[in-house]
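Visitor: One structure is given below, represented as structure tokens, and several questions about it will come after.
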Protein chains: 2
Amino acid sequence: MDPSGSNSRMQPPAETLARHGISPTAQRIRIADVMLARPQHLSADQVLAAVNASAQPVSKATVYNTLNLFCRKGLLREVIVDPARVFYDSTPEPHHHFYDIDTGELQDIPADEVAFSRLPPLPEGTDTDSVEVVIRVRSR
Amino acid sequence: MDPSGSNSRMQPPAETLARHGISPTAQRIRIADVMLARPQHLSADQVLAAVNASAQPVSKATVYNTLNLFCRKGLLREVIVDPARVFYDSTPEPHHHFYDIDTGELQDIPADEVAFSRLPPLPEGTDTDSVEVVIRVRSR
DNA sequence: CTGTGTGCAAAGCTTTTGCACTACT
DNA sequence: AGTAGTGCAAAAGCTTTGCACACAG
């Protein structure tokens with residue numbers, strides 16, 4: 001584990017932000033409160049709704065800017081499985097996902113529940129950034 | 001292999017369309033010509049440009065409608081790796097992808113070059129639709 | 001005072017939709 | 001005639017950008 005970098009330790013958001021080199025403004029803390037409360041996957045829209053329900057409103061632009069900032073700083077991860085919108089994942093460590101194509105729900109798969117017995121060689125002149133498995137499922 | 005369903009057999013596009021239950025109109029054949037010429041990954045925009053360069057133009061709406069139709073009919077597959085746009089993959093059989101996050105290039109990984117020694121159980125009440133691996137790489 | 005962050009509205013993109021026109025059956 | 005497919009433009013998302021204001025150092 002990495003006791004310094006994880007959000008799963010449930011530290012005050014302001015500290016988490018500071019530790020990632022992000023100046024903790026009121027809006028950022030409110031957004032961090034929503035996103036980092038627990039492992040979850042939210043679209044920008046859902047974050048906007050949640051933030052504006054529980055406290056003073058934050059503008060749409062600020063939500064987008066802040067989520068992108070958090071991703072750049074390694075606090076969140078983008079999950080691209082739905083052409084219509086990006087999901088932001090509060091678990092920045094590498095892991096995989098179930099995606100329910102009927103409900104649109106996204107579910108984590110811990111990294112250690114997937115193992116490869118075979119992987120292809122990388123294309124010439126490239127380095128791995130990430131290996132992500134998406135298991136698309138339908139509700140029965 | 002599946003000698004009846006694949007586009008890699010390089011049959012006349014009209015026949016391929018008919019075999020998939022798609023009435024072969026002029027525009028659809030032109031779009032199929034572009035997409036099915038060889039294994040490739042094109043965005044709707046690239047298809048539009050290619051079609052309109054090589055022959056009489058096809059409208060943007062028709063390109064989108066046709067690509068979606070081809071996907072529904074199992075002739076193409078959507079690849080969702082870039083938040084900005086959908087790629088259409090001329091290889092409808094299950095396989096995996098390299099995605100170069102610097103150049104935006106997408107490259108096929110044949111299904112048999114990836115094997116799992118461990119996979120998680122599916123969530124309650126769901127069936128697998130697909131298992132897709134995306135290896136994100138950076139150009140060195 | 002200077003610089004960073006925020007808010008709002010407008011713009012930008014990709015993709016979808018509505019409706020009239022065309023072309024086969 | 002009737003049905004399916006096409007084209008065009010407009011609409012509908014989601015996301016980004018520009019600029020003025022607020023706030024902190």
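Visitor: Please report the net charge: other residues with Cβ closer than 11 Å to the Cβ of B:Asp45, K and R +1, D and E -1.
Guide: Its environment carries a net charge of +2.
Visitor: Once amide H atoms are built 1.01 Å from N in the peptide plane, which residues 5 or more positions from B:Val86, or in another chain, come under 5 Å H to H?
Guide: B:Ala44
Visitor: Next question. Size of the stretch A:8-87 along its principal axes in angstrom, Cα-based, largest extent first?
Guide: Result, largest extent first: 34, 26, 20 Å.
Visitor: For B:Thr126, enumerate residues with amide H under 5 Å from its amide H, sequence gap 5+ or separate chain, H modeled in the peptide plane.
Guide: Amide H neighbours of B:Thr126: A:Arg140.
Visitor: For helix A:44-54, report the angle its Cα long axis makes with the longest principal axis of the Cα atoms of chain A; keep it between 0 and 90° and round to the nearest 10°.
Guide: 30 degrees
Visitor: Oh, and also: Short version: ³J(HN,Hα) in whole Hz for each residue of the stretch B:62-73, in order, from phi by Karplus 6.51 cos²θ - 1.76 cosθ + 1.60 (θ = phi - 60°), x for Gly and Pro, what are they?
Guide: 5, 4, 4, 4, 5, 4, 5, 4, 4, 5, 4, 8
Visitor: Something else now. Axis carrying A onto B: which residue of A has the nearest Cβ, and how far, whole Å?
Guide: Here the value is A:Ser117, 2.
Visitor: Please report the relative contact order for the stretch B:8-87, taking Cα pairs under 8 Å with a sequence separation of at least 6, and give it as a percent rounded to a whole number.
Guide: Reported as a whole number, the value is 28 percent.
Visitor: For B:Lys60, list the lysines whose Cα falls under 22 Å from its own Cα; do not include residues on the same chain fewer than 8 positions away.
Guide: B:Lys73
Visitor: Based on the alpha-carbon gyration tensor of the stretch B:93-137, what equivalent-ellipsoid semi-axes (square roots of 5 times the eigenvalues) come out, in whole Å, largest first?
Guide: 24, 12, 10
Visitor: Same structure again: Considering only the label points, 7 Å along Cα→Cβ from Cα, what distances in nm to one decimal separate B:Arg85 from the same position in each other copy, shortest first?
Guide: 2.4
Visitor: Using amide H atoms built in the peptide plane, which far-off residues or other-chain residues are under 5 Å from A:Gln40 H to H?
Guide: Amide H to amide H, under 5 Å and 5 or more residues apart or across chains, A:Gln40 pairs with A:Ser90, A:Thr91.
Visitor: Arrange the peptides A:123-132, A:38-47 so that the one whose residues have, on average, the most other Cβ atoms within 10 Å appears first.
Guide: A:38-47, A:123-132
Visitor: Determine the calculated [θ] at 222 nm for chain B from helices alone, applying -39500 (n - 2.57) to every DSSP H run no shorter than 4 residues and normalising by the residue count; nearest 500 deg cm²/dmol.
Guide: The helix-only estimate for chain B comes to -9000 deg cm²/dmol at 222 nm.
Visitor: With a bin width of 10 angstrom, please list the P(r) values of chain B as percents of all Cα-Cα pairs, from the 0 bin to the one holding the largest distance.
Guide: 11, 38, 33, 15, 3, 0
Visitor: Same structure again: From the label point of A:Pro39, set 7 Å along Cα to the beta carbon, how far off in nm is each other copy's matching point, shortest first?
Guide: Sorted ascending, the copy-to-copy spacings read 3.4 nm.
Visitor: When the Debye formula is applied to the Cα atoms of the protein assembly as shown, each taken as the same point scatterer, what base-10 log of I(q)/I(0) results at q = 0.08, 0.09, 0.12 Å⁻¹?
Guide: -0.41, -0.52, -0.87
Visitor: How high is the relative contact order of chain A, in percent, counting Cα pairs under 8 Å that sit 6 or more residues apart?
Guide: 19 percent
Visitor: A further question follows. Please list 3J(HN,Hα) in residue order for the stretch B:79-88, calculated via the Karplus relation 6.51 cos²θ - 1.76 cosθ + 1.60 where θ = phi - 60°; whole Hz, with x for glycine and proline.
Guide: Whole-Hz 3J(HN,Hα) from phi for the stretch B:79-88: 10, 10, 9, 10, x, 7, 6, 8, 9, 9.
Visitor: Per residue of B:99-108, how many C-beta atoms from partner chains lie within 10 Å of its own C-beta, taken as a mean?
Guide: So the per-residue partner count for this stretch is 2.
Visitor: How far is A:Ser139 from itself in the other copies, in nm, if each label sits 7 Å out from Cα along the Cα-Cβ line, shortest first?
Guide: 4.4
Visitor: Related question: If I fit a long axis through the Cα atoms of helix B:26-36 and take the longest principal axis of the Cα atoms of chain B, what angle between them do I get, 0 to 90°, rounded to 10?
Guide: Helix B:26-36 and the main axis of chain B meet at about 40 degrees.
Computed from the coordinates by the stated procedures, all read-outs in this text should not be read as laboratory data. Note that the structure is a prediction, hence the values are computed from the model and not measured. Heads up, the Cβs are rebuilt from the backbone with ideal geometry, glycines too, and the neighbour counts pull from every protein chain shown.
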